[in-house]
Amino acid sequence: MTAIRNRSLIRRTALVAATAATALVLAACGDNGHDMGSMGSDAKSPSATASAKAGDYNETDVDFAREMIQHHRQALDMADSRASSQEVKGLATKIKGAQDPEIKTMSGWLTAWGEEVPEDMAGMDGHDMTSEMPGMMSSEDMDKLEKPSGAAFDTMFLEMMVKHHEGAIEMAETEKKGGKDDAAQKLADDVITAQTAEIEQKSRVVGELISAPAAVVEADPGSVADPLGAAGFGEDLDGLGVRPGGSLELEPVG
């Protein structure tokens with residue numbers, strides 16, 4: 001009987017041990033499942049954070065970035081100019097130095113937001129963005145800018161850029177009123193401050209160019225301005241009261 005009881009005790013002990021082992025395995029599996037779930041949650045948290053950051057923008061921010069990119073691109077096209085004066089060349093260089101990095105910054109925002117970066121439309125036939133954005137030059141305006149040279153070009157370029165800057169300020173003010181993204185709001189502030197100063201500077205230079213004395217061509221005998229001298233009639237008609245390059249003087253009759 002003792003032997004039977006011992007064998008039964010051994011079997012019960014083995015069963016308890018097996019049950020305990022099974023419980024441990026299941027617990028381990030349960031822990032692993034929990035860990036994997038935690039890992040999955042942790043893996044998603046950066047994306048969730050990124051989504052939360054992306055959610056800090058709105059449609060006004062998107063429109064501001066997209067339109068200002070195109071606006072800046074046209075400014076760069078205009079600044080790639082044939083300026084004659086060193087001051088105007090310096091202003092064109094300043095535009096490139098400021099607006100090219102801003103294009104890259106705004107393109108980065110759009111990419112982070114999952115929005116499309118606008119295609120560069122410069123030089124595409126039949127596309128005129130004048131009606132889409134304030135201050136944009138029309139295709140005809142850009143064609144006109146290709147024609148003049150010297151001081152005439154400098155004046156036209158500056159006058160167009162003043163209009164362009166005014167449009168950029170209007171766009172920035174729209175962003176300030178309705179935008180949500182902090183970085184876009186900051187850039188809008190920068191645009192308003194910088195381009196207001198540039199309008200003042202360019203307007204001053206335009207005034208100087210316009211008020212600059214034009215070159216005076218002095219007529220001499222034989223020139224177009226002196227047709228009588230050019231024809232060789234000056235001396236022959238002197239007795240009739242005609243002065244070379246002058247007018248006909250008539251003596252009173254009687």
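For the range 176-186, the criterion of a residue being in a loop (DSSP other than H, G, I, E, B) and surrounded by fewer than 16 Cβ atoms within 10 Å (Cβ to Cβ) is satisfied by at least one position.
Here HIS165 meets the list (1) buried (at least 20 other Cβ atoms within 10 Å of the Cβ); (2) touching a Pro at 6+ places or on another chain (Cβ under 7 Å); (3) not aliphatic (A, V, I, L, M) almost entirely, failing just condition (2).
Inspection of the range 132-140 identifies no residue that is among the hydroxyl-bearing types (Ser, Thr, Tyr) and either touching a helix residue (DSSP H, G or I) at 6+ places or on another chain (Cβ under 7 Å) or at pLDDT 95 or above (or both). In the range 179-211, how many are in contact with a Gly (Cβ under 6 Å, 6 or more places away or on another chain) and touching a residue at least 40 places away in the same chain (Cβ under 8 Å)? Summing the residues that are in contact with a Gly (Cβ under 6 Å, 6 or more places away or on another chain) and touching a residue at least 40 places away in the same chain (Cβ under 8 Å) in the range 179-211 gives 0.
Just give me the residues in the range 145-186 being under 17 Å from the mean Cα position of the chain (by Cα) and on the phi > 0 side of the Ramachandran plot, in sequence order. Answer for the range 145-186, where residues must be under 17 Å from the mean Cα position of the chain (by Cα) and on the phi > 0 side of the Ramachandran plot: there is none. Checked against the criteria, LYS89 counts as more than 14 Å from ASP63 (Cα to Cα), assigned by TED's automatic domain parsing to the domain that holds VAL191 and surrounded by 15 or more Cβ atoms within 10 Å (Cβ to Cβ).
The values are calculated or read from the model by the stated rules, or taken from the named source; none is laboratory data. On a predicted model such as this, the values are computed, not experimentally measured, just so you know. Cβ coordinates were reconstructed from backbone atoms using ideal geometry, including for glycine residues, and neighbour counts include every protein chain displayed.
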